[in-house]
Every structure is written in C-alpha cells, then in structure tokens.
Amino acid sequence: MDQLNSNVNISFEELEDLIYLMKNVSDYDLSGYTKTSLKRRVQRIMALEKMDYMDLKNAVVNVEGFYNYFIQEITVNVTEMFRDPEFYSLLTTEVFSYLKTFPKIKIWSAGCATGEEVYSLSIVLKENNLTDKSFIYGTDINSQVLETAKKGIYPIKKVKNYTENFNIYNSNEEFSTYYTAMYDAAIINHDLRKNMLFSIHNLATDNVFNEFQLIVCRNVLIYFDLELQKRVFTLFYESLCLFGFLCLGPKETLYNHEVSKKFRVVNKTYNIYQKIK
Amino acid sequence: MLGAAENVILIGGSAGSYDLIIQILKALPAYFTCAIIVVIHRNSKYETQIESSLSSQLEKNIESAQDKGRIKQNWIYFAPPGYHLLIEPNKTFSLDQSEPIQFSRPSIDVTFESVADVYGDKASAFLLSGANQDGSNGIAHVLRNGGQAFVQNPAESKMDVMTKYAISQNENALICDNKKIIQYFSTIN
C-alpha cells in the first residue's frame with residue numbers, strides 16, 4: 001500500500017483541470033486546497049482504483065456518486081484521541097478556566113474527521129464538571145467519517161496510543177474508565193456523548209451556523225492555501241463570541257492574516273488565540 | 001521574488017546520518033544562493049530542538065520549515081517531525097499529516113518527489129545512512145525530472161539498508177564517499 005503513490009503521476013495542469021471539473025459537476029470547490037497535497041491524494045485514488053487520468057475524469061463526470069467517493073478519499077482523516085496531550089492540559093488551564101464563568105459553552109470542532117478530537121474534548125469537559133452546560137458540534141466535509149464519529153467505536157489497537165497520550169495529559173485518571181472494551185473495539189461511554197452533534201459543513205463554501213465560545217480546528221488549515229485560510233479565519237472570527245477562543249494545530253498560525261489583530265495569543269506553541277475585538 | 005532560491009539541494013537521512021549532516025552543514029560557505037532542505041526521520045513525540053541549537057552553534061540560517069513559508073536563498077530547512085514536507089508550485093512549503101509512507105513521516109520520498117516536480121533540473125538530492133527503504137523512489141523522481149542524485153557510499157554508511165537499496169533501484173545515482181559529499185557542499189555557491 002505504501003508504494004502506491006509513486007506509480008501514478010499527474011501534472012499540476014491536469015490537477016487544475018480536475019478541480020475545475022469537480023466544481024462543475026458538484027458543489028465541491030477544491031481550488032483553495034494546497035496543490036501538492038491534493039495532487040498526492042488524487043494520485044492515491046488513481047492507484048487504488050487502478051485508473052489513469054482519463055478514467056478518473058470520466059468517472060467524475062459520468063459515474064453517479066463518484067465525486068462523493070472522491071471527496072471522501074482526498075480528505076486527510078488522520079486523527080487520534082488526545083493528540084498533543086499538552087494542548088489538552090492547556091485547554092483546562094487557559095481556556096476552560098476562563099469559559100467556566102459563561103452560562104453556556106458551545107464548542108465547534110471543525111474538520112473533526114472520525115470524531116476522536118470531539119470525544120477528547122468531551123472527556124476534558126467532564127473532568128472540569130462542565131458537561132451539563134456545554135455542547136459540542138463536530139463538523140466535517142466528509143459524510144462517511146462522520147458516521148464513524150457518531151458511532152464512537154474505535155479499534156482497540158489504536159487505544160494503546162490514545163492511552164499513552166491520555167497519560168501524558170492526565171496521569172491521575174485511568175483512560176479505560178471512559179470506554180468499554182468489547183472484542184477488538186473500544187466503545188466510548190454513553191455519558192460522554194450526551195451533548196454533541198455531528199454534521200456536514202464545508203469550510204470552503206458554507207457559512208456561520210451558530211455562535212461559539214470555543215472553536216477547535218487542528219491540522220485542517222495546513223491543507224488550505226492562504227486565500228482559503230483567510231475565508232476560514234473570517235468565518236471563525238464571525239462565529240466566535242467576544243472573548244471566545246480559537247485553537248489551531250501546532251503548525252498553523254494566524255499571523256499571516258490581518259484578522260490576527262483581533263485576537264490575542266494565549267499560547268504560541270499550540271496556537272491558542274482569544275478574540276478580543 | 002527577492003531572495004527566493006532558484007536551486008534546491010536535498011539531504012535525506014535516517015539512522016546514522018546525523019553526524020554527517022552536521023559535518024556537511026559545517027562545511028558550507030558563508031553565503032550560498034540555493035536552499036538546502038533536510039529530511040531526517042525523528043520521533044514526533046519528542047520535539048527536538050535541532051534547528052535552534054544548530055542555528056546558534058553554526059551561525060547559519062536554520063529553521064524548521066514553516067507551512068506556507070517561502071523557500072529562500074542561503075537557508076537550511078528541516079522537515080518538522082510528524083508531518084510530510086511538500087513544495088507548492090509557487091515555491092512555498094506546505095505541510096501534510098496524511099499517513100506515513102514506509103513507516104515514515106516525514107517521508108524522504110515524499111519531499112524529494114515534491115521538490116523534483118517543482119524544481120526539475122534545479123534540484124539535487126543526497127541520500128545518506130538509514131535502516132529502511134525510504135528515499136529510493138524520491139531519488140528516482142529527482143533523476144527522472146532532470147536533477148542530480150547522489151547516494152552515500154554504503155561502505156561508509158553507518159546503516160547501509162537505505163543507501164544499498166537506493167543504489168540497487170537507481171543505476172544513474174552517483175555513489176559518493178563522505179569526503180566527496182562534504183567537498184561538494186563546501187563549494188556550492
């Protein structure tokens with residue numbers, strides 16, 4: 001499987017044609033995605049499906065539902081529970097310590113993929129006794145990963161890594177108290193999924209749908225070019241209440257953008273920001 | 001664009017390559033017009049500070065490649081652990097957290113292929129010691145796109161799996177002794 005990528009190659013011009021085609025046959029606008037990453041994902045699909053470039057174009061136009069499959073496969077859905085454990089510690093000390101005085105804490109996990117981040121947030125909320133006044137919206141462009149997110153069932157072999165992450169975040173609790181192991185799966189406890197909703201949202205084309213006290217969008221913006229990033233940051237700014245928080249991935253910064261003037265930096269390493277005007 | 005590098009030299013290495021990379025960086029002239037991009041495998045769980053310590057130690061422009069950052073002359077960039085390092089057609093960096101390739105992220109293949117796509121014959125690549133097969137496809141892609149590719153002599157590689165494999169797959173790659181590699185870097189301009 002690892003070798004798949006190198007067998008197929010398309011040019012950047014062919015990629016542009018494909019982006020144009022997708023825009024015409026579907027609602028998906030990929031023109032703001034970083035080209036090289038997208039190119040690799042497209043080549044991956046071609047290798048998986050044993051298609052050449054003409055086959056792929058043909059399928060996008062003529063095969064019903066193919067473009068949905070295409071979107072599912074080009075999005076990068078790599079995620080884990082308590083990825084960057086220090087980030088989750090900072091959520092407690094820097095973010096929830098502030099938001100706990102708010103009557104309601106609405107959280108948007110944008111680009112949540114298979115939901116591991118949403119359940120991690122839910123655990124942190126529970127540990128801070130904030131479950132009852134909080135609500136998490138998990139959104140993604142990919143409907144298939146959202147089905148996994150709703151189920152909250154993960155392969156037990158991944159749980160070892162999640163447990164290691166969790167133990168760095170909080171060595172006083174047992175991670176195993178948050179799930180039930182059954183055969184080769186770990187099922188997230190019912191009380192952790194009370195106040196959450198998973199739904200489709202396309203950051204490239206959709207708009208504000210609620211007001212939030214916290215937006216978490218980690219390792220999504222690296223796949224967007226500066227122009228699309230600008231759109232998304234404006235969307236986040238408009239979706240946040242005053243003094244609401246924005247958390248990005250460790251390699252994702254607001255600094256390239258004008259909107260950064262309306263935020264203060266809470267933590268530079270993990271790119272935690274607070275809207276101040 | 002002012003200061004944008006027209007040529008890129010790639011260095012890929014894994015287990016046993018670190019000391020040679022330091023020697024290479026030490027040998028560099030005070031100013032050079034290309035950019036050097038280094039991809040080494042390291043564990044993302046332990047955020048190392050190679051870039052900042054080398055930067056002050058060697059008094060050179062060394063940094064971890066930044067997402068959307070420009071690729072500038074006289075700079076040495078390291079691929080950050082836990083991400084694939086890619087090059088956009090507009091000659092800026094982009095990071096990607098898709099699945100590891102050959103159990104590696106960053107993957108040498110991924111960065112080499114991406115640089116070759118954008119820089120073509122303005123790209124040169126060096127593959128050093130390592131214990132897996134990463135880098136070989138990247139070397140092939142650099143050569144296919146008109147660039148030059150050099151592989152460290154396996155006899156001098158602390159771990160020779162990577163160099164031996166790359167040589168077996170790429171007959172046009174040039175095999176270099178450490179001395180020659182260091183000399184190459186001391187004379188770049």
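Values quoted throughout were computed directly from the atomic coordinates according to the rules given, and no laboratory measurement underlies them. Computed from a predicted structure; not experimentally measured. Neighbour counts are summed over all protein chains in view; Cβ atoms, including those assigned to glycine, are modelled from backbone coordinates with ideal geometry.
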statement: Diffing segment A:199-214: the Karplus 3J(HN,Hα) column from phi (6.51, -1.76, 1.60, θ = phi - 60°), in whole Hz with x for Gly and Pro, holds 7, 6, 8, 9, 4, 7, 10, 7, 10, 4, 10, 5, 10, 10, 8, 8
query: Under the Karplus relation 6.51 cos²θ - 1.76 cosθ + 1.60, θ = phi - 60°, what is the ordered set of whole-Hz ³J(HN,Hα) values for segment A:247-253, x standing for Gly and Pro?
result: 10, 10, x, x, 9, 10, 10
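Mind scanning A:Lys35/A:Lys268; A:Lys35/A:Lys57; A:Lys262/B:Lys68 and naming the pairs with a C-alpha gap bigger than 24 Å? Don't jump to the answer; show the numbers that get you there.
Details: A:Lys35/A:Lys268 27 Å; A:Lys35/A:Lys57 17 Å; A:Lys262/B:Lys68 21 Å.
As for pairs spanning more than 24 Å Cα to Cα, those are A:Lys35/A:Lys268.
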- line: Stokes-Einstein D for segment A:71-217 (25 °C, 0.890 mPa s, Kirkwood Rh from Cα pairs), in µm²/s, comes to 157
Qualifying GluC sites (Glu not before Pro) for segment A:151-247 [loop in DSSP, other Cβ within 10 Å: at most 14]: A:Glu173, A:Glu174, A:Glu211
task: Post the alpha-carbon centroid distance, segment A:55-106 to segment B:45-121, in whole angstrom.
output: 24
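What value, in deg cm²/dmol to 500, does the helix sum -39500 (n - 2.57) over DSSP H runs of n ≥ 4 give at 222 nm once divided by the residues of chain A? Walk me through the numbers before you get to the answer.
Details: 10 runs with 106 residues, N = 277.
Rounded to the nearest 500, the figure is -11500 deg cm²/dmol.
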field: Per DSSP, loop trypsin sites (Lys or Arg not before Pro) in segment A:173-226 with at most 14 further Cβ within 10 Å
entry: A:Lys194
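With 10 angstrom as the radius, rank B:Phe93, B:Phe112 by how many other C-beta atoms surround their C-beta, starting from the fewest. Spell out each step's value before the answer.
Numbers: B:Phe93 24, B:Phe112 28.
Taking fewest neighbouring Cβ atoms as first place, the list is B:Phe93, B:Phe112.
Taking all pairs of different Cα atoms in segment B:39-189, averaging 1/r and flipping that mean, what Kirkwood radius in angstroms comes out?
Details: mean 1/r = 0.0630 Å⁻¹.
Hydrodynamic radius (Kirkwood, Cα pairs) of segment B:39-189 is 15.9 Å.
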- request: Would you mind checking the tilt of helix A:116-127 against the longest principal axis of the Cα atoms of chain A, expressed as 0 to 90 degrees and rounded to 10?
  value: 0
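Over the whole of B:110-118, what's the average partner chain Cβ count within 10 Å per residue? Rounded to a whole number, please. Spell out each step's value before the answer.
Numbers: counts 5, 0, 0, 6, 4, 1, 0, 6, 3.
The mean count of partner-chain Cβ atoms within 10 Å per residue comes to 3.
Per residue of A:237-244, count partner chain C-beta atoms within 10 Å of its C-beta, then hand back the mean as an integer. Spell out each step's value before the answer.
Numbers: counts 0, 0, 0, 0, 0, 0, 0, 0.
Mean partner-chain Cβ count within 10 Å for A:237-244: 0.
What's the longest bit of chain B with no exposed GluC sites (Glu not before Pro), using DSSP loop states and at most 11 other Cβ atoms within 10 Å as the test? Show your work: numbers first, answer last.
Numbers: sites that count: B:Glu59, B:Glu171.
Here the longest segment lacking exposed loop sites spans B:60-170.
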- line: Sorted by chain and number, the residues with a modelled amide H under 5 Å from that of B:Ile11, at a separation of 5 or more or across chains, are B:Ile37, B:Val38, B:Val39, B:Phe126
- prompt: Given that compact globular proteins tend to follow 2.2 N^0.38 Å, what is the ratio of the alpha-carbon Rg of the protein assembly as shown to that value?
  reply: 1.01
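Pairs of Cα atoms under 8 Å, at least six residues apart: use those to get the relative contact order of segment B:64-189, whole percent.
Working: 244 pairs, mean separation 22.8, N = 126.
18 percent.
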message: Please compute, over every Cα-Cα pair in segment A:1-90, the percentage with a separation greater than 24 angstrom.
response: 26
task: Compute the projected area of the convex hull of the Cα atoms of segment A:112-194, averaged over all viewing directions, and report it in nm² to one decimal place.
output: 5.4
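Could you work out Rg/(2.2 N^0.38 Å) for segment A:141-267, with Rg from alpha carbons only? Don't skip to the answer; put the middle values down first.
Details: Rg = 17.3 Å, N = 127, 2.2 N^0.38 = 13.9 Å.
Taking N as the residue count of segment A:141-267, the ratio is 1.25.
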query: Which cross-chain or sequence-distant (5 or more) residues have an amide H under 5 Å from the amide H of A:Phe198, H modelled 1.01 Å from N in plane?
result: A:Gly138
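Based on DSSP H assignment, which helices of chain B show an axial Cα extent of at least 15 Å together with a mean Kyte-Doolittle hydropathy greater than or equal to 0.0? All intermediate terms of the calculation are to be shown ahead of the outcome.
Details: long enough: B:108-119 (16 Å, 0.70).
Sorted by number, the helices that extend far enough and score high enough are B:108-119.
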field: Placed amide H near B:Asp96: partners under 5 Å, 5+ positions off or other chain
entry: B:His84, B:Leu86
statement: Ranked from fewest to most other Cβ atoms within 10 Å of their own Cβ, A:Ile200, B:Ile21, A:Ile107 fall in the order A:Ile200, B:Ile21, A:Ile107
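Taking the Cβ of B:Asn172 as the centre, find all other residues whose Cβ is under 15 Å away and add up their charges (Lys, Arg: +1; Asp, Glu: -1).
On the way: positive: B:Arg144; negative: B:Asp121, B:Glu171.
Charge balance in the 15 Å sphere: -1.
Divide, for segment B:131-184, the radius of gyration over alpha carbons by 2.2 N^0.38 Å, where N is the residue count.
Numbers: Rg = 10.6 Å, N = 54, 2.2 N^0.38 = 10.0 Å.
That works out to 1.06 for segment B:131-184.
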query: Residue by residue, what Karplus-based ³J(HN,Hα) values in Hz, rounded to whole numbers, does segment A:68-81 have, using 6.51, -1.76 and 1.60 with θ = phi - 60° and x for Gly and Pro?
result: 5, 4, 4, 4, 4, 7, 7, 6, 8, 10, 6, 7, 8, 6
- line: Per-residue Cβ contact counts at 10 Å, fewest first, order B:Ile37, B:Ile22, A:Ile19 as B:Ile22, A:Ile19, B:Ile37
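So which trypsin sites (Lys or Arg not before Pro) in segment A:1-71 pass both tests, a DSSP loop state and at most 14 other Cβ atoms within 10 Å of the Cβ? Provide the component values of the computation, followed by the final result.
Working: sites: A:Lys23, A:Lys35, A:Lys39, A:Arg40, A:Arg41, A:Arg44, A:Lys50, A:Lys57; in loops: A:Lys50.
Sites meeting the loop and neighbour criteria: A:Lys50.
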task: Mind jotting down the distance between the C-alpha centroids of segment A:11-46 and segment A:223-277, whole Å?
output: 26
